[in-house]
Amino acid sequence: MFSKLQAVSIDDEEINLLIIEKLAEKVGLKVISYSDPIAAYEYVKDNEVDLIFVDYMMPKLNGVELIEKIRRHHQNIPIVMITSITGNEKLKIDAIEAGATEFLNKPLKGSEFLARITNLANLRYHQLLLKDKALLLEEEVKKATENLTKREFETLIILGNAAEYKDPETGNHVSRVAHYSRMLAMSLGMSEQDQDNIYYASPLHDVGKIGIPDSILLKPGKLTQEEWETMQTHPTIGYEMLKGSESPFLKTGAIIAKTHHEKYDGSGYPEGLKGEEIHLFGRIVAIADVFDALMTKRPYKEPWEFDKALQYVSDEKGKHFDPEVADHFVRNVAGVQKISNIFKDM
Ligand SMILES: [Fe+2]
Ligand SMILES: [Fe+2]
């Protein structure tokens, strides 16, 4: 049972080392012996050790000092102090305070020594078992969390696609919006968590269109005033759909759904928010969404040239768009071009 346990024995007298080796081996421990406490310390501090026997009276470093040094590296390993000094209560207390687990007197009584080290080996054995279990558990929890996150992402994509399904804004629109948005979040110095949030949540910007009748959503001609008003409810519908969730992605999705049609100068909808009243997520997705819509063929329009669409983002600084976010978009023209090429519609 203890054959995997490694003991270290430190005593400046060879004969004591031999006695301890013999006894410890009876219990099944492997023993490494040191007559020099400094050399023993050098070994112990860098290695996995399970049980330590320390003499008190040694040149260079006494047993209490050695235990103190070892405890800086190993808090739980059982350490036994063995000394020929008897009747010194203060030494005993010093040793225990330094971190000794047991205190034994020389000459060692074989049966008592065996019983005590069997107990300590048992203690160590169970410490290791617990450590293994904790590691195993940690590993399992990590795996389970990864699986959950992966499934959550899949659900988000499906939800985003559901809205796209009904909408003429098809193709890779939501993927491009996601990538432009993450690029902007990164360029603006947002946290990695927020970059992830916006990447996974921006495909949900139009999820509220699920609640808009097809007769309006798919109408080829111009919308009547009343139809247009109905159309303008999709941000609020999306927000209502997503707002109750605990998931950071859905929470971000709710903010984006609600604010992606707000305009920096206050002329947007549904609330006519102005400037920084509009959540930064919304100000980012507004640019990504509009830029991509301009670049895309729609039943009522041809796709714009890349440069013309980029110029539009510049021209709308302070009007439709947050000037700082728009600057970042234009500054990252190479990234924009790359995303637009990689996710081209067939
Ligand atoms: Fe929208
Ligand atoms: Fe869109």
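Only one of the numbered conditions (1) surrounded by fewer than 17 Cβ atoms within 10 Å (Cβ to Cβ); (2) within 16 Å of ligand 2 (Cβ to nearest atom) is not met by GLU246, and that is (2). Exactly one residue among HIS279, HIS261 is more than 22 Å from VAL333 (Cβ to Cβ), within 16 Å of ligand 2 (Cβ to nearest atom) and in the same structural domain as PRO213 (by TED's automatic domain parsing), and that residue is HIS261.
Mind counting the residues in the stretch 44-77 that are of a type outside the set (A, V, I, L, M, F, W, C) and touching a Ser or Thr at 6+ places or on another chain (Cβ under 6 Å)?
Residues in the stretch 44-77 being of a type outside the set (A, V, I, L, M, F, W, C) and touching a Ser or Thr at 6+ places or on another chain (Cβ under 6 Å): 1 in total.
Return the residue satisfying two criteria in turn: it lies in the stretch 146-159 and is polar (S, T, N, Q) and modelled with pLDDT of 80 or more, and of such residues it is nearest to ligand 1 (Cβ to nearest atom). Going through the qualifying residues, I end up with THR155. On inspection, ILE212 passes the criterion of being within 14 Å of ligand 1 (Cβ to nearest atom) and at pLDDT below 95.
I need the full set of residues from the stretch 160-177 which are modelled with pLDDT under 80 and assigned to a helix (DSSP H, G or I), in order please.
GLY160, ASN161, ALA162, ALA163, GLU164, TYR165, LYS166
Annotation note: Cβ proximity below 9 Å between a residue of the stretch 284-312 that is farther than 16 Å from PRO323 by Cβ and a residue that is away from ligand 1 (no atom under 16 Å from the Cβ) and among the charged types (D, E, K, R) (sequence gap 6+ or interchain) occurs for LEU294/LYS301; LEU294/LYS308; MET295/GLU305; THR296/ASP345; LYS297/ASP345; TYR300/LYS222; PRO303/LYS297. Scanning the stretch 38-75 for residues that are closer than 21 Å to LEU104 by Cβ and of a type in the set (Lys, Arg) gives LYS69, ARG71. The one condition from (1) among the hydroxyl-bearing types (Ser, Thr, Tyr); (2) modelled with pLDDT of 95 or more; (3) within 15 Å of ligand 1 (Cβ to nearest atom); (4) closer than 21 Å to ARG176 by Cα that THR296 does not meet is (2). Can you confirm whether ALA286 is within 16 Å of ligand 1 (Cβ to nearest atom), closer than 29 Å to LEU156 by Cβ and buried (at least 21 other Cβ atoms within 10 Å of the Cβ)? Criteria met by ALA286. Here is a list: LYS60, LYS90, LYS45. Which entry is surrounded by 13 or more Cβ atoms within 10 Å (Cβ to Cβ) and of a type in the set (D, E, K, R)? Exactly one of LYS60, LYS90, LYS45 is surrounded by 13 or more Cβ atoms within 10 Å (Cβ to Cβ) and of a type in the set (D, E, K, R), namely LYS45.
Do we have any residue at all in the stretch 256-272 that's more than 13 Å from ligand 1 (Cβ to nearest atom), in a helix (DSSP H, G or I) and buried (at least 24 other Cβ atoms within 10 Å of the Cβ)? Checked against the condition, which is being more than 13 Å from ligand 1 (Cβ to nearest atom), in a helix (DSSP H, G or I) and buried (at least 24 other Cβ atoms within 10 Å of the Cβ), the stretch 256-272 yields no hits at all.
Conditions (1) among the polar types (S, T, N, Q); (2) assigned by TED's automatic domain parsing to the domain that holds ASP11; (3) farther than 11 Å from ILE10 by Cβ; (4) touching a residue at least 12 places away in the same chain (Cβ under 8 Å), marked per residue:
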{"residue": "VAL27", "(1), (2), (3), (4)": "no, yes, yes, yes"}
{"residue": "SER35", "(1), (2), (3), (4)": "yes, yes, no, yes"}
{"residue": "TYR41", "(1), (2), (3), (4)": "no, yes, no, yes"}
{"residue": "PRO59", "(1), (2), (3), (4)": "no, yes, yes, yes"}
{"residue": "LEU66", "(1), (2), (3), (4)": "no, yes, no, yes"}
{"residue": "THR86", "(1), (2), (3), (4)": "yes, yes, yes, yes"}
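The values are calculated or read from the model by the stated rules, or taken from the named source; none is laboratory data. Note that the structure is predicted; figures quoted are calculated from it, not measured. Don't worry about glycine lacking a Cβ; one is built from the backbone with ideal geometry, like all the others, and counts go over all protein chains shown.
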